[in-house]
Amino acid sequence: MLEAGVAELAEALEARRVSARELLDLFLGRIRAVDPALNAFVTVAEERARAEARAADERRAAGRPASPLDGVPVAHKDLFCTRGLRTTCGSRMLADFVSPYDAGVVERLARAGMVLLGKTNMDEFAMGSSNETSFFGPVRNPWDLRRVPGGSSGGSAAAVAARMTPAATGSDTGGSIRQPAAMTGICGLKPTYGTVSRYGMVAFASSLDQGGPMARSARDLALLMNAMAGFDARDSTSLERAPEDYARLLDLDLAGLRIGLPKEYFGAGLDPAVGARVMDAVGWFERQGARLVELSLPNTRLALPAYYVLAPAEASSNLARYDGVRYGYRAKAYTDLADMYRRTRAEGFGAEVKRRILIGTYVLSHGYYDAYYLQAQKVRRLVARDFAEAFARCDLIAGPTTPTTAFALGEKADDPVQMYLGDVYTIPAPLAGLPALSIPCGFDEAGLPVGLQLTGNYFSEARLLGAAHRFQQATDWHRRVPRETPL
Ligand code: GLN
């Protein structure tokens, strides 16, 4: 049962082969056995989960499941607010923060009957690519405990990969769902901006942040999207669209599918083993009748620097609210109000968050605004235009999710620019607001998972998931169990 994904567990619950309570015990036991080595969970919500599992079993017994996912466990990245359960965002600033309400995503998955196992570790305020900036310590990669799981949704990724939960939520601002998915050998989808509610999701860079599902198969991602996505009037950028079935194209016909290969995604800096595994996957699609289209996204090179201006700018504004007055951490000793602000923020935030606030404040300041912030906004537009032109010629774009496989803990921790460079392939999609997913497509020489990234036009999630599902019907990369956490 630990091996089973969301779809199989839903079937087992439906057929009464297992109860929600039995499943919960199984996954809680697995967390107890495996998590001390990984540190993927910040909070395990045992009591709340037991009540939810009991309610799910009662609904099933009465023949009234809340949804096909009723009773299936899930974990939330610790930036989705949960009533009565702390939401830390991986920060000392919010280490004891208990939200008075549930995030839109939390609410929707609870309404679908999913049982909340707990909250997963993450880079502080979702800033990072290695999960090393968390106040609660780094998460370790279940394929090699000396390596990072990626970030910022590293806890969710490690938890899913190590079979501590069949599914988890993540958030993606510049790659935080797809990059850790790639580095831990699981699947993750960043939906079209505005598809999944940001209500109650702690803000990092609001024009980029988007929640999404992480699981072990594309089919599971589709089922999770069916429960997660939808209009939320409490999020001003939420899109009002008719509900859709994200699983409707799982039997996608690959014949004639046009797959774009941007030359910028296969250039210098790409680890040859990663490039080779990605091209193996592309070759498989071609053998199924897909047509490969060579193309160029000329502004790719500028996306990364633009992101590292825009995201910090928005972060500096969003994080101004943590002042020790209304909620969160407050310095113990101070002389006056200004000193209280200063000490609270100096003690409450870690180094990477401070770096972002400083950069963000600088690029927004009078005299530098035009040179940096405005310029970056223009680049953002160019990046979106590159994609618009590309999607006139292809149905989806394939490439690597990350230039390398998982790196060692500490390897880039003192070199922020090296850390940022690893986001080169994941940053363009959120800048344009486009959907993109990562699925495993093989291993490098060290036995570490490689991720294939598929990017699509706005609202093409179902097609992306369909293409990914077809690949997973023919391959078993997504079924491999990490060697440090055998079953
Ligand atoms: N690694 C990127 C950053 O540090 C992306 C983070 C994210 O998507 N939340 O900003």
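Values computed for the structure shown
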read-out	value
Any hit, segment 143-151, residues being modelled with pLDDT of 95 or more, touching a Pro at 6+ places or on another chain (Cβ under 7 Å) and away from the ligand (no atom under 12 Å from the Cβ)	yes
Residue in segment 29-69 that is surrounded by the fewest Cβ atoms within 10 Å (Cβ to Cβ), counting only those that are without any contact (Cβ under 8 Å) to a residue 60 or more places away in the chain and under 23 Å from Gly211 (Cβ atoms)	Ala66
Near pairs, Cβ below 7 angstrom, 6+ apart or cross-chain, from segment 227-254 (among the acidic types (Asp, Glu)) to any residue that is assigned to a loop (DSSP other than H, G, I, E, B)	Asp232/Ser197; Asp232/Tyr199; Asp232/Ser238; Asp235/Ser197; Asp235/Arg198; Asp235/Tyr199; Glu240/Phe231
Test: residue in segment 214-230 that is closer than 21 Å to Val74 by Cβ and within 16 Å of the ligand (Cβ to nearest atom)	yes
Scope segment 279-319; condition closer than 23 Å to Ala268 by Cβ and not aliphatic (A, V, I, L, M); matching residues	Asp280, Gly283, Glu294, Ser296, Pro298, Asn299, Thr300, Arg301, Pro305, Tyr307, Tyr308
Subset tally (residues that are crowded, with 18+ Cβ neighbours inside 10 Å, farther than 26 Å from Pro180 by Cα and hydrophobic (A, V, I, L, M, F, W, C)) for segment 214-238	0
Counted residues, segment 141-169 - those being of a type in the set (Lys, Arg) and farther than 24 Å from Asp220 by Cα	2
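One line per residue, one yes/no per condition, for (1) closer than 30 Å to Arg355 by Cα; (2) of a type in the set (A, V, I, L, M); (3) at pLDDT 95 or above:
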site: Gln375; (1), (2), (3): yes, no, yes
site: Asp395; (1), (2), (3): no, no, yes
site: Pro400; (1), (2), (3): yes, no, yes
site: Phe407; (1), (2), (3): yes, no, yes
site: Ala413; (1), (2), (3): yes, yes, no
site: Gly422; (1), (2), (3): yes, no, yes
site: Thr426; (1), (2), (3): yes, no, yes
site: Leu437; (1), (2), (3): yes, yes, yes
site: Asn457; (1), (2), (3): no, no, yes
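The values are calculated or read from the model by the stated rules, or taken from the named source; none is laboratory data. This is a predicted model, so every value here is computed, not measured. Here the Cβ is made from the backbone with ideal geometry for all residues, glycine too, and neighbour counts use every protein chain on show.
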